[in-house]
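Contents: one structure, followed by commentary.
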């Protein structure tokens, strides 16, 4: 059997024979019945895909008898369950880390808010002192607000 150009140069894409694909499907389809990877003969003589002897470093039974299959299944399930638990543990750790970061940010924002409120109260007390030391006309001319409206109008203005 002579190898095809795609087998000789797998890295290059070969457009196919001149004139395009005559099948009308556009892509070559894999032949069914041929297993991928190394093949072995099963008990019936059919070709079967060889089972990987290890999974995540754990050696799996290689037999085709029901007990070996059961052992392989149990080991695969155990390894998959452990991987799932590990992923869950990592997700929980990440969520806790994000929560801790948010708590630090919230505390910083609370401190900023407290400082701003203290500054605002200080300014309000200063305005009250100025209001008491001036006449109503002077206060209105200097601040642009009347004493009747008070701080509500001043704080609402931009």
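The values are calculated or read from the model by the stated rules, or taken from the named source; none is laboratory data. Not measured: the values here are computed from a predicted model. As a convention, Cβ positions derive from the backbone with ideal geometry for all residues, glycine included, and neighbour counts pool all protein chains shown.
For this structure, a couple of remarks:
- Set side by side, the residues 87, 114 differ, and just one is without any contact (Cβ under 8 Å) to a residue 60 or more places away in the chain and either more than 30 Å from residue 61 (Cβ to Cβ) or exposed (fewer than 10 other Cβ atoms within 10 Å of the Cβ) (or both), which is 114.
Residues are listed down the side, and each one gets a yes or a no for (1) in contact with a helix residue (DSSP H, G or I) (Cβ under 9 Å, 6 or more places away or on another chain); (2) over 30 Å from residue 146 (Cα atoms):
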{"site": "74", "(1), (2)": "no, yes"}
{"site": "82", "(1), (2)": "no, yes"}
{"site": "99", "(1), (2)": "no, yes"}
{"site": "116", "(1), (2)": "no, no"}
{"site": "120", "(1), (2)": "yes, no"}
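- Meets criteria (surrounded by 11 or more Cβ atoms within 10 Å (Cβ to Cβ) and modelled with pLDDT of 90 or more) for residue 71: no
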